[in-house]
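The values are calculated or read from the model by the stated rules, or taken from the named source; none is laboratory data. Bear in mind the structure is a predicted one, so any value in this text is a computation, not a measurement. Counting neighbours? That spans all protein chains shown, and the Cβs are built from the backbone with ideal geometry, glycine included.
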Amino acid sequence: MALLEVEDMVLSFSGLEVIRKLGFSVETGTIASLIGPNGAGKTSVFNCLTGFYRPDSGQITFNKRSIRRLKPHKITQAGMARTFQNLRLFKSMTVLENVMSGMHCRTSVGAMGAVFHTQSQRREEELIRLVSEECLSFVGLLDKKDRHAGNLPYGDQRRVEWARALATKPKLLLLDEPAAGLNHDEKQELIELILHIRNELGITILLIEHDMGLVMKVSEKITVIDYGKKIAEGSAEEVQNNPKVIEAYLGSEDEAL
């Protein structure tokens, strides 16, 4: 069963189409990848899925509900979380505080409860802390919860962002170039973490990634786009051997001449 379905999605800026009648789906419980050359429109797709951009036309259905016109925080509440290519942490806050900030979409106590520090507010605050610590433990950072996020190594900062996304309790996790800036050992740990999130937490994953070794190791389905249009889709082996994909990444013989 498809958790996410995109149909005939079109996005343009100043008359220039950056996504052209794009369609693909992500099945529940799978790990899928969206790949393509630089400038293919991958991050624009993620921005449409998460409400940062509004497509000109087409349909986006998540968990059997249209989300095309929803704002980002409503999409997060619906169960879709994302990380970003460029880290977006509160670097002067602690690791734990960063993760706790991700749970705002699941809170129910209003401003009055926070002002008067009511019993229900205290209970909710404790629950947020416990869930955030569980997420940090899951990504291997619980022992660093009291450190300032900005003082962590880059790879650990990536994990903080993952923990914050997990704290929103997503059904679908979107990862925008999660291996960017990581060394070889960190990439191997990343592969294990991606599989662990799917296998242990049951979270469906869709990722954008330029590291083809990582993509081929974790993906059960790969969608390839070029200039905003889907040019191939299938398993890792099918995509690797597709002439259109090879041409998109390497160029044609005529272009080489």
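Find all pairs meeting these conditions: Cβ atoms under 7 angstrom apart; at least six residues apart or on different chains; first residue within the range 5-20 and in contact (Cβ under 8 Å) with a residue 60 or more places away in the chain; second residue among the basic types (Lys, Arg) and part of a strand (DSSP E or B).
ARG20/LYS229
Could you pull out every one of the strands (runs of 3 or more DSSP E) wholly within the range 148-257 that has 1 or more residues that are at positive phi, over 18 Å from the mean Cα position of the chain (by Cα) and without any contact (Cβ under 8 Å) to a residue 60 or more places away in the chain?
Correct list: 229-234.
With the checklist (1) touching a helix residue (DSSP H, G or I) at 6+ places or on another chain (Cβ under 6 Å); (2) modelled with pLDDT of 95 or more; (3) closer than 19 Å to GLY51 by Cβ in hand, flag the one item LEU142 doesn't pass.
(3)
Of everything in the range 131-147, what is outside any loop (DSSP other than H, G, I, E, B) and surrounded by 20 or more Cβ atoms within 10 Å (Cβ to Cβ)? Give them in sequence order.
Correct list: SER132, CYS135, LEU136.
Could you tell me how many of the residues in the range 207-229 are surrounded by fewer than 19 Cβ atoms within 10 Å (Cβ to Cβ) and either at pLDDT 95 or above or of a type outside the set (Phe, Trp, Tyr) (or both)?
Adding up the residues that qualify gives 8.
Taking the range 40-53 only, how many residues are touching a residue at least 40 places away in the same chain (Cβ under 8 Å) and outside any helix (DSSP H, G or I)?
Summing the residues that are touching a residue at least 40 places away in the same chain (Cβ under 8 Å) and outside any helix (DSSP H, G or I) in the range 40-53 gives 4.
For the condition in contact with a Ser or Thr (Cβ under 8 Å, 6 or more places away or on another chain) and not charged (D, E, K, R), what is the one hit in LEU166, LEU190, LEU175?
Going through LEU166, LEU190, LEU175 in turn, the sole match is LEU175.
Would you pick out the residues in the range 12-29 that are buried (at least 16 other Cβ atoms within 10 Å of the Cβ) and closer than 16 Å to ILE194 by Cβ?
Matches in the range 12-29: VAL26 only.
Quick one: is GLY29 on the phi > 0 side of the Ramachandran plot and not in a strand (DSSP E or B)?
yes
For the range 78-123, name all the residues that are modelled with pLDDT of 80 or more and in a helix (DSSP H, G or I).
Residues satisfying the conditions are ALA78, VAL95, LEU96, GLU97, ASN98, VAL99, MET100, SER101, GLY102, MET103, ARG123.
Here is a list: GLY79, GLY36. Which entry is surrounded by 15 or more Cβ atoms within 10 Å (Cβ to Cβ) and in contact with an Asp or Glu (Cβ under 8 Å, 6 or more places away or on another chain)?
GLY36
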